[in-house]
Amino acid sequence: MTDWWQVVLLYGPAVLFGLLLVFSVVQEPRRFRNAIWLALFVLSLSSALMLDFWWDWAFIPIVLVAVFTPVIVVGFLVINTFIVVRHEGFSLSTILPALFALVMMACILIYPLTFYFNASQWGKSIGLLIALEGLWFFFTFAALLLYSTIYRILPRRRQYDYIIILGAGLRGTKPTPLLRGRIDKAVDLWLRQERKGLFVVSGGQGADEEISEAEAMKRYLVEERGVPAEKIIKEDQSTTTFENLRNSKVIMDSRSGIGPSSDYQSLSANTRRISRLDIGNDVSDIGDSAQSSSVSAIPGFQPGRVAIQSSTSLPPTEHKPGRVKRMKNRMSCPYRVAVVTSDYHVFRASEYARDLGLKSDGVGSHTKGYYWPTAFIREFIAISKAHFWPYVAIFALWVIGMAVISFGR
């Protein structure tokens, strides 16, 4: 290929998506759209390279990969379900990989089956709609899996003023292994920055828990890891990931001397919607916190200036601030935060932190390999609920297409 216009036509999409990705990541790395730009860049670049350097013998391996990858993924998810159920017991969350595999197969097969069984035109159209929605669902799943992995492993050598540890359930008065992993990761970060910065342990007390998760984390830090008590701030009201971060922000803002008006006015309509979706201990949270408890005694916290409210008593909805204002809110934040959670949970926690106006980085602790697929699927479902508009757009386009076809007859 020698003609310059052919090169532009072939590699132009990859260059475009690559530029959009770089611009978006530089502007804000904690955006869901970054995953989409990355996936489109990889697809367009790989397609261009395949067409530019095509070999006849490569056709068969490519076809085999395309055909057997879904089969391999479905098989892996089914096997993983048996492993998770054996370790964790039978529940809706533990059979989630098998349900995910079932949905995946349905989306792949339903449209061809409408032709095989000679379905009506409406039946074929509905099959097409399901296939299109499923295509976007699994495309975004692969995109988020790729981008969140890259986001987690990016090297960060920053000095953090606060290290927030998100709760993850208790066994009696002790942190679960999952929560201990988060605490230990936070301590490693604190030691790496020469013991500078404060810990914010965040998590409420559930109905079946003897103490709050914040109190259990503080005891573990002091008794097991030798962290001075004055280096630890408790936030023990939160019930969800969103509240973990929102309530922690209220405390950090108060300590930094930021006026009380910034505590909630910076929350956009979108973040309030996320708060309603982010329900503790359901498919969108893996025990990150529990039901609320009383206000904790927090060093430096001034109850007279700022009152932490639950998500059910948020102030009246305000107009969503524009992109420029949200960026200014983050730029004016006087402190930098590390949000420590499990590796599968890093991207969603980072998204919430971005929407709350925090200058933050997500830091992930290790999750047992057998449980990681289940955990990530649950995270993806929660993120998809917060980014639902493409599914509505696909449905709207399908309705328009059906109307055009009907009027054209």
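Check whether at least one residue in segment 81-92 is open to solvent by 70 Å² or more (accessible area, probe 1.4 Å), of a type outside the set (A, V, I, L, M, F, W, C) and over 24 Å from the mean Cα position of the chain (by Cα), and report yes or no. Yes, the conditions are met somewhere in segment 81-92. Checking each residue in segment 360-377 for being outside any loop (DSSP other than H, G, I, E, B) and within 14 Å of P177 (Cα to Cα) picks out only S365. All of (1) aromatic (F, W, Y); (2) over 21 Å from the mean Cα position of the chain (by Cα); (3) in a helix (DSSP H, G or I) hold for W37 with one exception: (2).
A single entry from E230, E243, E223, E235 fulfils the requirement of being under 19 Å from the mean Cα position of the chain (by Cα) and of a type in the set (D, E): E243. If I filter segment 17-25 for residues that are within 31 Å of the chain's Cα centre (by Cα) and open to solvent by 100 Å² or more (accessible area, probe 1.4 Å), do I get at least one hit? Yes, segment 17-25 contains a residue that is within 31 Å of the chain's Cα centre (by Cα) and open to solvent by 100 Å² or more (accessible area, probe 1.4 Å).
In summary, L43 fulfils each of the numbered conditions (1) more than 21 Å from L144 (Cα to Cα); (2) open to solvent by 70 Å² or more (accessible area, probe 1.4 Å) with the single exception of condition (1). For segment 157-181, filtering for residues that are open to solvent by 50 Å² or more (accessible area, probe 1.4 Å) and not in a helix (DSSP H, G or I) leaves 6.
Taken over segment 352-372, residues that are in contact with a helix residue (DSSP H, G or I) (Cβ under 7 Å, 6 or more places away or on another chain) and within 17 Å of I150 (Cα to Cα) amount to 8. Just checking, does segment 341-357 include any residue being at pLDDT 90 or above and open to solvent by 40 Å² or more (accessible area, probe 1.4 Å)? No: zero hits. The set of residues in segment 130-175 being closer than 19 Å to K234 by Cα, β-branched (V, I, T) and more than 22 Å from the chain's Cα centre (by Cα) consists of T173 alone.
Can you tell which of A66, A39, A35 is out of contact with any Pro (no Cβ under 7 Å at 6 or more places or on another chain), closer than 19 Å to T140 by Cα and without any contact (Cβ under 8 Å) to a residue 12 or more places away in the chain?
A66
Criterion applied to L77, L64 was being over 14 Å from W372 (Cα atoms), of a type outside the set (K, R) and not in a loop (DSSP other than H, G, I, E, B), and the one residue passing it is L64.
When you scan segment 182-205, how many residues do you find that are charged (D, E, K, R) and part of a helix (DSSP H, G or I)?
5
Please find, within segment 248-261, the residue that is farthest from the chain's Cα centre (by Cα) out of those that are open to solvent by less than 10 Å² (accessible area, probe 1.4 Å) and over 13 Å from I165 (Cβ atoms).
This residue is S254.
Answer with yes or no whether L198 is within 15 Å of V340 (Cβ to Cβ) and under 26 Å from the mean Cα position of the chain (by Cα). The answer is yes for L198.
If I ask for residues that are more than 20 Å from A142 (Cα to Cα), aromatic (F, W, Y) and surrounded by 16 or more Cβ atoms within 10 Å (Cβ to Cβ), which ones from segment 93-130 would you list? Selection gives Y111 alone. Is there a residue in segment 186-200 that is modelled with pLDDT of 95 or more, more than 23 Å from S254 (Cβ to Cβ) and of a type in the set (F, W, Y)? No; the residues of segment 186-200 include none that is modelled with pLDDT of 95 or more, more than 23 Å from S254 (Cβ to Cβ) and of a type in the set (F, W, Y). Scanning segment 79-115 for residues that are over 19 Å from T367 (Cβ atoms) and aromatic (F, W, Y) turns up F90, Y111, F115.
The values are calculated or read from the model by the stated rules, or taken from the named source; none is laboratory data. This one's a predicted model, so the numbers in the text were calculated from it and none came from an experiment. Because the Cβ atoms are built from the backbone with ideal geometry, glycine has one as well, and the counts that use them run over all protein chains shown. The area values use the complete protein model at the heavy-atom level, side chains included, leaving out ligands, DNA and RNA. Shrake-Rupley method; radii C 1.70, N 1.55, O 1.52, S 1.80 Å.
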